[in-house]
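Data first, discussion second: the structure below is written as structure tokens.
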Amino acid sequence: MKRKIFRTLKAIGLGMIALLILFFSVRAIGVYINRKTPEGGINQSMYVEINGTEQWINIYGEDIHNPVLLYLHGGPGSSTSEFDYVITRKWADVYTVVTWDQRNCGKSYDAGQNEIVLTRELFLEDGKEMTEFLRDYLSVDKITILGHSWGSIYGANLVLEYPEYYECFIGTGQLVDSTDNERAFKEEAHFWSEDDEEALQLVEQLTPEHITMDHILARNALMDKFGYGMMKDGSDYNLAAAVIFNPNYSIADWVNYFSRDMSVYLAFFQSEEFEAFSIKGRLDYAVPYYNINGDMDYQTNYKLAEEYFDSIDAPFKRLFIMEDTTHALLESKSEEFSNIVHEIANERREIQD
């Protein structure tokens, strides 16, 4: 009996080892393929010293002579480098795309920074120094910014402060003012919940003037309940495969990823420094202004983004509305989003020619 149990356990152990070997062998092949540099293009990952810290970027493009686009992820603090290469590479035939894990998140995470107070001034200096590095490293005069969610308001602040560095601005899931955004959400949620006592109890937990975890959890629950959840449509690519075959993440990176302490970003999200990024009333842009928003996005209220778009003064502006689309427009409809990015790139070329 003992021998039979031993043989069974041994067989299970050998089977698990074989599966692990197969998994890591297949992963190694996928990673190797994704690490290849396109002929005539670029595929480089590196740490750059920015404002006294080491911050990670990847530069990927199919033609080194294409214009440069810096992608600003959302959050604040929600780096997407664990899977976003699948999305951003869809733009790499018309842009040299730079993905950047902002300070102290993603591959830029450093526990030694957890005591640093995050401020608007700090982020603007980070963005300025990263832009200056890219202009020099890639030998370009100006770059395009594409920012999602938090990245959209961060990017708008950068082009408003340093317009001489930027060719144009593309905001998606555009955030205008954090407090107005949460107030508008509460109004919408109250309307959705009119005859639903359970939902109305969640609405009562919303505190737009002071964002707490209870507020965030209640907001997310309400969006999910009424069909506006960020990932209601999933993704139009294989998210698991994107993670497994990520060319930029080693096993050590994944260990570091799951050991992060992101409380510093929650404190920033609740602070006056985050509110200071508001672009409400800041309407004069010296660069072309584009917006791509989903018509079901209430995480960053698309109606407020449209009102702001209508009010701004820019050398050129254009608004794209993606139908039946929530806040995860890059993930759920990456192909449609990519088509819009291509349209913008071609339009910029035509205007410049």
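The values are calculated or read from the model by the stated rules, or taken from the named source; none is laboratory data. Just so you know, these numbers come straight off a predicted model, no measurement behind them. Note that we place each Cβ from the backbone using ideal geometry, even for glycine, and neighbour counts take in every protein chain shown. With ligands, DNA and RNA removed, areas are computed over all heavy atoms of the protein, side chains included. Shrake-Rupley method; radii C 1.70, N 1.55, O 1.52, S 1.80 Å.
So here's what we get for this one:
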read-out	value
Chain lengthening between Leu19 and Tyr162 when straightened (0.36 nm per residue, less Cα-Cα)	46.2 nm
Distance from segment 17-56 to segment 225-241 (C-alpha centre basis), Å	25
Leu202 accessible area, assembled protein chains, probe 1.4 Å, Å²	40
Most mobile of Ser263, Ser108, Ser152 in a GNM of the chain (Cα contacts under 10 Å)	Ser263
FRET efficiency, 1/(1 + (r/R0)^6) with R0 30 Å, evaluated for Glu39 and Leu283 via beta carbons	0.10
Low-density loop positions, GluC sites (Glu not before Pro), segment 129-228 - DSSP coil, at most 15 other Cβ in 10 Å	Glu194, Glu209
Hull shadow area, averaged, segment 1-101 [alpha-carbon convex hull, nm²]	10.1
Potential lengthening between Leu266 and Arg183 on full extension [0.36 nm per residue; Cα-Cα distance subtracted]	28.0 nm
Accessible carbon and sulfur surface of segment 94-165 relative to its total accessible area, %, 1.4 Å	44
When each of Lys36/Lys303; Lys225/Lys333; Lys225/Lys317; Lys107/Lys317; Lys128/Lys186; Lys128/Lys232 is checked by Cα-Cα distance, pairs over 32 Å	Lys36/Lys303; Lys225/Lys317; Lys107/Lys317; Lys128/Lys186; Lys128/Lys232
Gained length - Asp196 relative to Glu275, 0.36 nm times residue gap less alpha-carbon distance	25.2 nm
Surface accessible to a 1.4 Å probe, per residue, for the residues of segment 4-97, Å²	52
Spatial extent of segment 210-252: Rg and Dmax, with the Cα atoms as the point set, Å	15.5, 40
Ratio of Rg to Rh over the chain (Cα coordinates, Kirkwood Rh, two decimals)	1.01
Equivalent ellipsoid semi-axes, segment 181-296, via Cα gyration tensor eigenvalues times 5, rooted, Å	29, 23, 19
Residues in segment 148-168 reached by a label modelled at Gln352 [backbone nitrogen below 15 Å; 7 Å Cα→Cβ]	164-168
